[in-house]
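Below is one structure, written out as structure tokens; comments come after it.
Derivation of every value follows stated rules applied to the coordinates shown; laboratory data play no part. Nothing here was measured: the structure is a model prediction, and the numbers come from that model. Positions of Cβ are backbone-derived with ideal geometry, glycine not excepted, and every protein chain shown enters the neighbour counts.
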Amino acid sequence: MPPDRDQSAAAFTGRKPLLSLNASMAQLRMEVRDSAGTILPGYGDAFFDLRLPGDHRRVAQTLLQIIRGDDFRSPVHSVHFFRGASEIGCWSVDDERAEVSFVDEFAHTPPAAA
């Protein structure tokens, strides 16, 4: 016989410890800046810091590309991640240009046929 819905809901006890764990966690903060380094309002956010392994620099790169999209006139210049007072990852338009230049310079593809 299947359990009554009320009985199965009462048996779940994992919710309260999970909420108390999240409340005690630090925040991971994201800032979006213009080319002068001024924080742009409306872009930044704070997240629960799960301290998952990962490259926050590449996450910042992806977010910068998403935020800017195809708008080359966008004021968004860089994305920064902070854990407490320490910057743990950032990416800027300048980093993007340097990476593209590096890849172009060392690409091992033959020239296109004329």
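Numerical summary
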quantity: Around Gln65: net Lys/Arg minus Asp/Glu count, Cβ-Cβ under 12 Å; calculated: -3
quantity: Under-5 Å amide H pairs with Gly89, H placed in peptide plane, nonlocal only; calculated: Phe81
